[in-house]
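Worksheet for the structure shown next.
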Amino acid sequence: MMLAAWVVLGILALALAAAGLWVAGAVKDLAALKGAIDLAWSDLEAPLKRRQDELEGQAARQREAYNDAVNVFNIRIARFPDNLLAGLLGYQRHDYFR
């Protein structure tokens, strides 16, 4: 009976050691995966930032074009004789885009 208990304890010790090795391997795998993700992100970060800058530039140009058109429209509906027709058609001033 005593021998069986020692055998069971030996098997448990081996199982725990194997589990510890598995956990250590899993931690190494996770560290390697994190490194790969960081590397992949660093490869993507510059093009994404560049694209963001392009889109922000396009939005600024479009906003400027819209505000220029609004400015012309507001001036035209305020001047004679355009203001007569604008009043008949119900045209009103527009706000600028911020």
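The values are calculated or read from the model by the stated rules, or taken from the named source; none is laboratory data. As the structure is a computational prediction, the values presented were derived from the model and not from experiment. Every residue, glycine as well, gets a Cβ built from its backbone with ideal geometry; the counts of neighbours run over all protein chains shown.
Results, tabulated for the structure shown:
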quantity	calculated
Cβ pairs under 7 Å, 6+ apart, first in the range 54-77 and touching a residue at least 24 places away in the same chain (Cβ under 8 Å), second of a type in the set (A, V, I, L, M) and assigned to a helix (DSSP H, G or I)	none
Any chance Ala17 is at pLDDT 70 or above, among the small types (Gly, Ala, Ser), surrounded by 10 or more Cβ atoms within 10 Å (Cβ to Cβ) and not in a loop (DSSP other than H, G, I, E, B)	no
Residue selected from the range 49-82 under the condition aromatic (Phe, Trp, Tyr) and surrounded by 10 or more Cβ atoms within 10 Å (Cβ to Cβ), by the criterion farthest from the chain's Cα centre (by Cα)	Phe73
Long-range neighbours under 8 Å by Cβ, at least six apart or interchain, first residue within 25 Å of Ala65 (Cβ to Cβ) and surrounded by 13 or more Cβ atoms within 10 Å (Cβ to Cβ) within the range 83-95, second of a type outside the set (Phe, Trp, Tyr) and modelled with pLDDT of 85 or more	Asn83/Ile77; Ala86/Arg76; Ala86/Ile77; Tyr91/Ile77; His94/Val70; His94/Asn74
